[in-house]
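First the structure, in the form of structure tokens, and then the observations on it.
Derivation of every value follows stated rules applied to the coordinates shown; laboratory data play no part. The structure presented is a predicted model; accordingly, all values stated were derived computationally and were not measured. Neighbour counts are summed over all protein chains in view; Cβ atoms, including those assigned to glycine, are modelled from backbone coordinates with ideal geometry.
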């Protein structure tokens, strides 16, 4: 097929990119020990310095759960009665916390580690990835705490225990891939534009209210629903709630949609990062 | 690539594009692109540099401040890519450009051995089996389980060097780090360096100390303002460098 060969010849860049992309994924695998150490030293460092340690991570979503519960369920009395609203809130807030913290911490990671990045050669992806993974671990511990509280709460906690709990890794992996994709994008932007952190702060706050953390998607007017569904994070929370609160099979459409969204975000984030990785060191 | 060579640098140029305005915010980027192009100053740190490092040799890079030595190290250790030209390296490179940059002050010395070890490319098993050797070499047996922020700068430097020497890479690149610790530690580390050259494929040293260069290197390149001035056997190039560079300074 001479045509195809001609096309490939005229575009050697694509082959080159593919080769380097593969080699970086291979690099990352080679340096998996580095990623593991970074995560464990993140956890160690954050918990050594403060008296409350890990509780600081947990405190924020728990306080917010209390605040929004009082606001929505006690003052406005507008919550859905088909599930315990406290846990409805808690699951959403914990998941959002892990996601948004990953992004917020990734923005400045290269600036914070500039001397290191400039003097040791290692695949730079590990820095944002270690942040995402650390938050993922915090999140999983937090889910255990939520389970404990649910146990104390008593019989109205859906069907406890449920075999569907075994499906929990699915939304967790989807959430981590999505957080990784967005983190790779913001950490790159953070190097090139100094005010990315400020802008991200505002974006995250608006994003929070447009994500069905405080309300179920069923509350959204049908006309606006397509817009809300554009939010890649919107379909992850129903998966958690179906599994954890109701102990039932999550909707397959939710899983497929958010998995596809996570894949798109993850691959785009990785390619975006790869494209600017070479220039990153110079800009620090 | 020639089979006798472990590093081949061919026609390498490196250009840093530095925006004239220091601040770079999204707002400025938007306005600049609408109104006028951002003023960018091109700084050529290296221009058309070519040389090769042979298997099993100590190779020195010398030149005055701003000659492009550190940029060259960044390229050799593949932290940056050259603007044009190629850098080919045959083997696993470990670059020690600044000692102890990866230290986390709140973690103990032992934790930092693990953290820095993996940064430099060791696996966890390798670190586990070498950590006693590292602690002994650093002479830190008493304080290894204390947070590194409590260390004196000499202790930090000793620990950093000891981790670095335990990496035993195929190609080692060193940028100015002979002045570590007190006299006895300095002697010990220089001995260790020599041993590393004999064990590894090559050692590349950047230094302003001609004593160090003479002791460790068999061949040298001399850079000045990003261009290669001379390449050859150590004594030949170093003595010419001492004559001309010092003579230049004498004139000023």
Roughly how many nanometres apart are two label points built 7 Å out from the Cα toward the Cβ at residue A:50 and residue B:186?
4.5
Range of Cα positions in segment B:103-210 per principal axis (Å), largest first:
36, 30, 20
For segment B:168-231, the convex hull over Cα atoms projects on average to an area in nm² of 4.8
Mind telling me which of B:142, B:106, B:175 comes out most flexible in a GNM of chain B, alpha-carbon contacts under 10 Å?
B:142
Per-q log10 I(q)/I(0), segment A:15-283, q = 0.08, 0.11 Å⁻¹ (Debye; single scatterer per alpha-carbon; no solvent):
-0.35, -0.66
How many Cβ atoms of partner chains, on average, are near each residue of A:106-116 if near means within 10 Å of its Cβ?
1
Averaged over residues of B:97-106, the number of beta carbons from other chains lying within 10 Å of each residue's Cβ is 4
In whole Å, what three semi-axes, largest first, describe the equivalent ellipsoid of segment A:76-140 built from its Cα gyration tensor (square root of 5 times each eigenvalue)?
37, 11, 6
In a Debye calculation with equal point scatterers on the alpha-carbon sites of segment A:125-284 and no solvent, what is log10 I(q)/I(0) at q = 0.15, 0.16 Å⁻¹?
-0.92, -1.03
In vacuo Debye scattering of the protein assembly as shown, one point per C-alpha: log10 I(q)/I(0) at q = 0.13 Å⁻¹?
-1.31
Taking chain A as the reference, fit the longest principal axis to its C-alpha atoms, fit the long axis of helix A:169-192 to the helix C-alpha atoms, and give the angle between the two in degrees, 0 to 90, nearest 10.
50
Cα axis of helix A:85-106 to longest principal axis of chain A: angle in degrees, 0 to 90, nearest 10?
20
Please figure out what share of the DSSP beta bridges in the protein assembly as shown is antiparallel and state it in percent, rounded to the nearest 5.
55
Divide by every residue of the protein assembly as shown the summed helix terms, -39500 (n - 2.57) for each DSSP H run of at least 4, and state the resulting mean residue ellipticity at 222 nm, rounded to the nearest 500 deg cm²/dmol.
-18500 deg cm²/dmol
GNM top mover of B:50, B:198, B:162 - chain B, alpha-carbon springs below 10 Å
B:198
Using a 10 angstrom cutoff on alpha carbons, build the Gaussian network for chain A and name the most mobile of A:67, A:132, A:186.
A:67
Convex hull of segment B:125-166 built on C-alpha atoms - directionally averaged projected area, nm²:
2.8
On average, how much area does the Cα convex hull of segment A:200-263 cover when viewed from any direction, in nm²?
4.9
Shielding by partners - mean other protein chain Cβ count within 10 Å, residues of A:193-206:
2
Based on the Cβ-Cβ distance of residue B:242 and residue A:111, what FRET efficiency does E = 1/(1 + (r/R0)^6) give at R0 = 60 Å, to the nearest 0.05?
0.90
If you take every DSSP beta bridge whose two residues both sit in chain B, what share of them, in percent to the nearest 5, is antiparallel?
55
Measure nothing fancy, just the Cα-based angle from helix A:252-283's long axis to the longest principal axis of chain A, in degrees from 0 to 90, nearest 10.
40
Looking only at segment B:107-252, where both bridge partners belong to it, what percent of the DSSP beta bridges are antiparallel (to the nearest 5)?
60
Fewest to most neighbouring Cβ within 10 Å: what's the order for A:87, A:76?
A:76, A:87
In whole Å, what is the distance between the alpha-carbon centres of segment B:123-149 and segment A:112-136?
23
